[in-house]
Amino acid sequence: MSSLDASFYFIEDENVPMHVGSVLIFDGPVPSYGDVIRLFLSRMDQVPRYRQKVKALPFHVGRPVWVDDDHFNILYHVRHTAVPSPGGEDQLRNLAGRIFAQKLDDSKPMWEAWLVEGLEGGRWAIISKVHHCMIDGVSGSDMLQLTLDFRQDSVLPEPKEWKPQPQPSTLDLVIDGVRDAVVTPVQHLSALPAVARNVRSFSEIVDFGKSVLGSLPGTARRLVTRAATSLNGPIGPHRRWVWARANLAEIKQIRKATGGTVNDVILTAITRGFRDLLEKRGELTEGMVVRTMVPVSMRKADQHNELNNRVSAVLVNLPVGEADPVKRLASIREQMDDLKGSRQAAGADVLTNLSNFAAPTLMALGSRTAMRFPQQILQTVTTNVPGPRIPLYMLGRPLVEMFPYVPVASTIRLTVGIFSYLDRFTFGINADFDGVPDVQLLADGIRAGFDEMVALAAEAAERTEAAQRVEQVKEVVEAKAAVKKPAAKPRAPRAKASTNGVKPETTA
């Protein structure tokens, strides 16, 4: 495992399962459980990690390694359940919340998929869980698509025969772990950092350093701004999971009126959600912020099939204390522009990679300690995973919607995941069951945030159209006035005076 992958493995405990997940909803008819099993088996050769389990070394003298599970059984990982028919959204969300709250068995390959029947309208769903140590948001989206098709009439290939590779002995793993603990730091020291490898000259390295260092005052201001620390707290074993929706058309309408990016608009709507939550709790004050970590994928185009984590992050203050939604959007847009210009995401990636120098035992201890140490810098995590813009199918059935699940950890009791599919955006909001019983206020507030910005955008469009109509009327009036204005009469030619004083004769 890489250092970041291992960190996700080490920080897990009974109250903090570190898997990511999703709920996919399909139009009927419901496929048979056997067909779903055959589908996963037919794609399994493309994801060898899904037949591998984690083997930790004694005393963590080396990083955990992946080994084939010689007792792998697809029936354990792909499961079948149902909600009482006709099952509505609440029943599906409650079922998913219970499944997501359960820790994956680390003695087996760390993933599960649940076929769910009984949804209203003849629909059905797949609930998916994959441990964060083997997959991040972007690669997770890629692996999910292996069980989905771009064509409705695609043919299911026959499963290939698989034989597990013999597992190395514990002694061999310990020897390799000790060697890795010594050799890896040397290898990293002998190589240029990831960012330096991507620049062409020393001057570009200097410019990169200047841009990061130049942004530190702004970062310091963001960190000292008073945050809604009441959102932080201990995490229990249960989860509440709710969702919200938006569509691309309304986001484009907002962007046209206010400017900014799609992410700026989405973060502004999420800000309204947190504002409503805090206001209903009686904890909202002027100038308050909710500080969120926004993961940024560092994955290159040729790395989308790798099962590991390639992610960095930036910190953004959501201005919940600002009553004006236009000003909230302007604040977020300014922060995001500053973060992009300073290249802080790339800088954070360099710092993350420095953990490759840590001895695995210290990394295990450090990861666990860091995630359990009370902190009030961050209140939430907001991650946006772009999906396909074309229809997808599973076993010939069209995918209608998909909702993400992002784990909570440390003292962060709330996370917001965003998926995009076709022209829709879906929000999966995960919360500690006991700490955030009012999480539905956040989901409703996100939807209200889009509604208020759409209304403002419509008003702005009406004002623009009214001004254009006034200008057009003005131009028409001016044109008509120019047509009706009488032409000036020509002056009669003046008679020339005679030099001898006699008036000259005029001609008819």
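The values are calculated or read from the model by the stated rules, or taken from the named source; none is laboratory data. Keep in mind that this is a model prediction, so the values were computed, not measured. Virtual Cβ from ideal backbone geometry, glycine too; neighbours counted across all protein chains shown. SASA here: full protein model, heavy atoms, side chains in, ligands and nucleic acids out. Shrake-Rupley method; radii C 1.70, N 1.55, O 1.52, S 1.80 Å.
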Exactly one condition in (1) in contact with a Ser or Thr (Cβ under 6 Å, 6 or more places away or on another chain); (2) modelled with pLDDT of 85 or more is not met by Pro504; state its number.
(2)
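One residue is enough: does the stretch 389-397 have a residue meeting the conditions within 13 Å of Gly273 (Cβ to Cβ) and surrounded by 17 or more Cβ atoms within 10 Å (Cβ to Cβ)? Explain how you work it out, then say what you get.
Let us first name the residues in the stretch 389-397 that are within 13 Å of Gly273 (Cβ to Cβ), namely none.
No.
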So which residues in the stretch 2-31 are small (Gly, Ala, Ser) and not in a loop (DSSP other than H, G, I, E, B), if there are any at all?
Ser3, Ala6, Ser7, Gly21, Ser22
Could you list all residues from the stretch 118-163 that are in contact with a Leu (Cβ under 8 Å, 6 or more places away or on another chain), hydroxyl-bearing (Ser, Thr, Tyr) and either modelled with pLDDT of 90 or more or open to solvent by 30 Å² or more (accessible area, probe 1.4 Å) (or both)?
Ser128
Of Ile446, Ile429, the only residue that is open to solvent by less than 10 Å² (accessible area, probe 1.4 Å) and more than 19 Å from Ile235 (Cβ to Cβ) is Ile446
If you scan the stretch 413-426, which residues turn out to be open to solvent by 20 Å² or more (accessible area, probe 1.4 Å), of a type outside the set (Phe, Trp, Tyr) and touching a residue at least 40 places away in the same chain (Cβ under 8 Å)?
Arg413, Asp423, Arg424
Scanning the stretch 2-19 residue by residue, those open to solvent by 30 Å² or more (accessible area, probe 1.4 Å), in contact with a strand residue (DSSP E or B) (Cβ under 7 Å, 6 or more places away or on another chain) and of a type in the set (A, V, I, L, M) turn out to be none
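Every residue, every condition in (1) open to solvent by 20 Å² or more (accessible area, probe 1.4 Å); (2) under 27 Å from the mean Cα position of the chain (by Cα), yes or no:
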{"residue": "Val30", "(1), (2)": "yes, no"}
{"residue": "Leu39", "(1), (2)": "no, no"}
{"residue": "Met44", "(1), (2)": "no, yes"}
{"residue": "Tyr76", "(1), (2)": "yes, no"}
{"residue": "Arg79", "(1), (2)": "yes, no"}
{"residue": "Ala82", "(1), (2)": "yes, no"}
{"residue": "Pro86", "(1), (2)": "yes, no"}
{"residue": "Ala101", "(1), (2)": "no, yes"}
{"residue": "Ala113", "(1), (2)": "no, yes"}
Give me the pairs: first residue in the stretch 87-108 and more than 27 Å from Phe10 (Cα to Cα), second residue assigned to a helix (DSSP H, G or I), beta-carbon distance under 7 Å, and six or more apart or on different chains, which are they?
Gly87/Glu120; Gly88/Glu120
Restricting to the stretch 231-289, and then to whatever is open to solvent by 40 Å² or more (accessible area, probe 1.4 Å) and acidic (Asp, Glu), can you tell me which residue is nearest to the chain's Cα centre (by Cα)?
Glu279
Looking at the stretch 462-470, can you tell me whether even one residue there is of a type in the set (Asp, Glu) and surrounded by 15 or more Cβ atoms within 10 Å (Cβ to Cβ)?
no
Provide a single number: the residues in the stretch 64-121 that are part of a helix (DSSP H, G or I) and either under 26 Å from Val16 (Cα atoms) or in contact with a helix residue (DSSP H, G or I) (Cβ under 6 Å, 6 or more places away or on another chain) (or both).
17
From the options Thr352, Thr383, residue that is buried (at least 16 other Cβ atoms within 10 Å of the Cβ) and modelled with pLDDT of 70 or more
Thr383
